[in-house]
Amino acid sequence: MPDLIDDIAQAIARMEGYFTPGTIAQRNNNPGNLRRWGSRPVVNGYAKFDTPEEGWAALRQQIQKNIDKGLSLLEFFAGKPGIYPGYAPASDNNDPVNYARFVARQAGIDLNTPLKDLLNPDRPTSARGRGSPAPGKPQGA
């Protein structure tokens, strides 16, 4: 299970520009560019975490919440009426299909399969096995 969550988290961080110095995601210690998270302050439209570890933990929690909702990767980003508004909905000028395809490719998963169906011990490690950094570690560390 952690491999799926970590693979998705790493792909989201790449899509959000977290590994690029000076981005909002990096400055806010927010690899997922989460807009709000509990009582965390919002800076430049996104939650600001005190440490990268706090930001990674929040992103993993959000991913787990969406797995628990029974969402596919496409529904994770585009939304599912009555269930979830979407992580990167088109209504926010995002391209959720492109986002889902990117994450699916990076994580080595199908974008239409419910994520909870992918949670099994036989699932091979995908993105990290191709040289991605461990969660919470910047590339090159």
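We did not get these values from a lab; they are worked out from the coordinates using the rules stated. All values reported here derive from a predicted model rather than from experimental measurement. A quick note on method: Cβ atoms are made from the backbone with ideal geometry, for glycine too, and the neighbour counts reach across all protein chains shown.
The residue list PRO96, LEU73, PRO114 was ranked by how far each Cα lies along the charge dipole of the stretch 2-120 toward its positive end, using unit charges on Cβ atoms, and PRO96 comes out on top. With N counted as the residues of the stretch 2-120, its alpha-carbon radius of gyration over 2.2 N^0.38 Å works out to 0.99. Spin-label model, ASP95 to ASN44: label points 7 Å out along the Cα-to-beta-carbon direction sit 2.2 nm apart.
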